[in-house]
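The values are calculated or read from the model by the stated rules, or taken from the named source; none is laboratory data. This one's a predicted model, so the numbers in the text were calculated from it and none came from an experiment. Every residue, glycine as well, gets a Cβ built from its backbone with ideal geometry; the counts of neighbours run over all protein chains shown. Just so you know, the surface numbers come from the protein's heavy atoms only, side chains and all, with ligands and any DNA or RNA stripped out. Shrake-Rupley method; radii C 1.70, N 1.55, O 1.52, S 1.80 Å.
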Amino acid sequence: YWTPIAFFKGHFDGGGHTISGLKIDSTANNQGLFGQCNDAELSNIQIDGCIIVSTGVNCGSVAGLIQNSTVSNCLSSGEVTAYGDVGGLLGAAYTGTCTVSNSGSSCNVK
């Protein structure tokens, strides 16, 4: 099982590679490939077949929570289940400017 990168600031470029079978089972908030991103740029990330289950809030396949960040050219598939603030790509976007472009998710969200 994956433990999310807790706090990320900077630029992450997935370079067109695919992450397959990302699995998270947690009771914590801010769950995803990245837990929380502040002043970050996330690009070219593809996640295939993720399974994320959390009893917390702010859960998404790419990031649980973003603040003052951009997400571009990111795709995900799989399933994301959480208590609240849950999405296929991102759990929540708070504070400042958050931009998502050319991205999408085919995740089942519960």
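Per-structure values
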read-out	value
Any chance A6 is hydrophobic (A, V, I, L, M, F, W, C), open to solvent by 40 Å² or more (accessible area, probe 1.4 Å), part of a loop (DSSP other than H, G, I, E, B) and out of contact with any Lys or Arg (no Cβ under 7 Å at 6 or more places or on another chain)	no
Filtered residues of segment 66-82 (kept if closer than 11 Å to V109 by Cα and of a type outside the set (D, E, K, R))	S77, G78, V80, T81, A82
Total residues in segment 17-29, condition closer than 18 Å to S105 by Cα, open to solvent by 60 Å² or more (accessible area, probe 1.4 Å) and not in a strand (DSSP E or B)	1
Matching residues in segment 30-52 - criterion: being open to solvent by 30 Å² or more (accessible area, probe 1.4 Å), of a type outside the set (S, T, N, Q) and closer than 25 Å to G96 by Cβ	D39, E41
